[in-house]
Amino acid sequence: MIFNDTIVALSSGRLPAGVAVIRISGPQTRFVIETMSGHLPLPRQAVLRAFYSQGDGEILDRGLLVFFPGPRSFTGEDVAELQIHGGQAVVSAMLKELTGFQHVRSAEPGEFTRRAFMNGKLDLVKTEALADLINADTQAQRRFAQRNADGAQSVLYADWRKRLIHARAMIEAEIDFADESDVPGSVAATIWADTACLAQEIEKHIEGFTAAEIIQDGFRVVILGAPNAGKSSLLNALAQRDAAIVTDEAGTTRDLLDIVLDLGGLKIIVTDTAGLRENPGRVEAIGIEKAQARGKKADLVLFLEDMSDPQMVEIDWLAGDHIKVGTKLDLIEFDQTQHDQYDFCISHLSGHGIADLLEAIKQKAEARLAAAGDILPFRMRHVELLEESLEHLTEAQNTLQPLEIRAEELRLCANLLGRISGAVNVEDLLDVIFSQFCIGK
Ligand SMILES: Nc1nc2c(c(=O)[nH]1)N(C=O)[C@@H](CNc1ccc(C(=O)N[C@@H](CCC(=O)O)C(=O)O)cc1)CN2
């Protein structure tokens, strides 16, 4: 695909910086670098050059220049990178000079990557993974995005589409040559067995989205318990700072309070909640409702009980994974039978048990991830298309339908899978996907 405009942007981070990288991509690239710095350097070899202003011939900066002739470049177009001094004024003078050329303008967010996609350098899933790689805060997010950027997901979908297309071809052959003897009926049986198998694989793959959400958005831990069970103190101990207000007055915490931890590279969101009790005040009741709602959505609930003053709290609705934590260990006499009621006994005062509890949270999160497959859908967009394609695949299995309809359902299923990686018409998706990027990417 040929774009008339040449685009320019600062591709490196915040200024001032030691070095700044300005990227330029498009048909004017050669002319621009020849005009500013002399003859074209050898492809993909860094050369030290002075960059001159066209107006008064002044040297704007001296820096490294790399030229990537298309199609062997990130975007597939002619690309040049100017690695210059990372001062505000240096960069703004250089950008002004570059955009002063005819048909050269500033790039929109994600526009370099968009061109790479349009030129077949990347597919949509890899593009999304690249956005995630740039936004990754934790090592688990980085590793996950890196793996996705390798394109394993696209290979999987391409393989599924191949199976569907093969199945369709066989079914259509059966329709066309039904009277002839060279298409044995057993072929159809094999084909439908494979599509049934594929339906199961897709279903299992969709389930993996929960694991992707844990990696990307964090493992959600919610602290619940009676008022004064020590929930806010635990939150502060986990945060290793005073995030929550702690008093000995019951009902101090009325709203939800989140902290984010990085446990062994995994993002963990811990939420402190209002104490659960009967007959609360009006404001407190709202807090309790929120606490319960958040608890139901949690990946893990830490249910706290003050061992020196246990209160009965109704948590029948607590269906998900939870850990029962006895608090204020320092206030009670050691009593083994009492300890056995709890998964962990902790003391905020001495710090006893906190490290073990953290380790247990980490292990719970890791166990959830280990249960998922290697290749996971990592956008709601993927899941929606997978679910829709699964519906068509299910419809294709319907033996009450004529073969023509069933073959058509297979085609629709394959098309929807193709939309995930962008192999099939995706114009309408592009703006949404590329707007996730920052400028210069
Ligand atoms: N200086 C610089 N560093 C960077 C990038 C960049 O664009 N510039 N990247 C930007 O994201 C990432 C690296 N990704 C890249 C991916 C492909 C090509 C590229 O030129 N591909 C050509 C040639 C391949 C080859 O020569 O083997 C191609 O695919 O045809 C460059 C960078 C991270 N580091």
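The values are calculated or read from the model by the stated rules, or taken from the named source; none is laboratory data. Just so we're clear, the structure is a prediction, and the values are computed from it rather than from any experiment. Methodologically, a virtual Cβ is constructed for each residue, glycine included, from the backbone with ideal geometry; neighbour enumeration extends over all protein chains shown. Side chains are part of the model used for accessible areas, which takes the heavy atoms of the whole protein and leaves out ligands, DNA and RNA. Shrake-Rupley method; radii C 1.70, N 1.55, O 1.52, S 1.80 Å.
At R0 = 35 Å, how high is the FRET efficiency between PHE31 and ILE375 if r is their beta carbon distance? Nearest 0.05 is fine.
Efficiency, rounded to the nearest 0.05: 0.20.
Quick one: divide the alpha-carbon radius of gyration of the range 6-120 by 2.2 N^0.38 Å and tell me what you get.
0.98
Around ALA20, which amide H atoms from residues at least 5 apart in sequence, or from another chain, sit under 5 Å from its own amide H, with H modelled in the peptide plane?
For ALA20, whose amide H was placed from the backbone, the distant partners under 5 Å are ILE84, HIS85, GLY86.
What is the distance, in nm, between label points placed 7 Å from the Cα along the Cα-to-Cβ direction at ASP330 and at GLU387?
Going from the ASP330 label point to the GLU387 one covers 4.9 nm.
Work out how much length CYS197 to ASP56 would gain on full extension: take 0.36 nm times their residue separation and subtract the Cα-Cα distance, in nm to one decimal.
Working it through step by step, the gained length comes to 43.8 nm.
Filter LYS204/LYS362; LYS267/LYS324; LYS267/LYS297; LYS296/LYS364; LYS297/LYS364; LYS324/LYS362 down to the pairs with a C-alpha to C-alpha distance above 20 Å, please.
Correct reply: LYS204/LYS362; LYS267/LYS324.
Could you grab the relative contact order for the range 1-129? Cα pairs under 8 Å, six or more apart, rounded to a whole percent.
Computed value for the range 1-129: 28 percent relative contact order.
Over the chain, give the accessible area per residue in Å² for a 1.4 Å probe, as an integer.
Result: 50 Å² of accessible area for each residue.
In a solvent-free Debye calculation with one equal scatterer on each Cα, what is log10 I(q)/I(0) for the range 215-370 at q = 0.11, 0.12, 0.18 Å⁻¹, listed in the order of the q values?
For the range 215-370 at q = 0.11, 0.12, 0.18 Å⁻¹, log10 I(q)/I(0) is -0.39, -0.46, -1.09.
Tell me which residues come under 5 Å, amide H to amide H, from GLY440 once H is placed; ignore anything under 5 positions away on its chain.
Amide H neighbours of GLY440, under 5 Å, 5+ apart: GLY110, GLU111, PHE112.
Residues with amide H under 5 Å of ASP61's amide H, sequence separation 5 or more or different chain, H placed in the peptide plane at 1.01 Å from N; which?
Under 5 Å from the amide H of ASP61: PHE51.
For the chain, give the percent of accessible area contributed by carbon and sulfur heavy atoms, probe 1.4 Å, rounded to a whole number.
Carbon plus sulfur share of accessible area: 52 percent.
May I ask you to compute the full-extension gain from SER106 to GLU249, defined as 0.36 nm times their residue separation minus their alpha-carbon distance, rounded to one decimal in nm?
Taking 0.36 nm per residue and subtracting the Cα distance, the gain is 45.7 nm.
What is the Cα radius of gyration of the chain over 2.2 N^0.38 Å, N being its residue count?
The reported ratio for this selection is 1.33.
Per residue of the range 10-17, what does 6.51 cos²θ - 1.76 cosθ + 1.60 with θ = phi - 60° give for ³J(HN,Hα)? Whole Hz please, x for Gly and Pro, Karplus curve as stated.
Values per residue, Gly and Pro as x: 6, 9, 8, x, 3, 9, x, 8 Hz.
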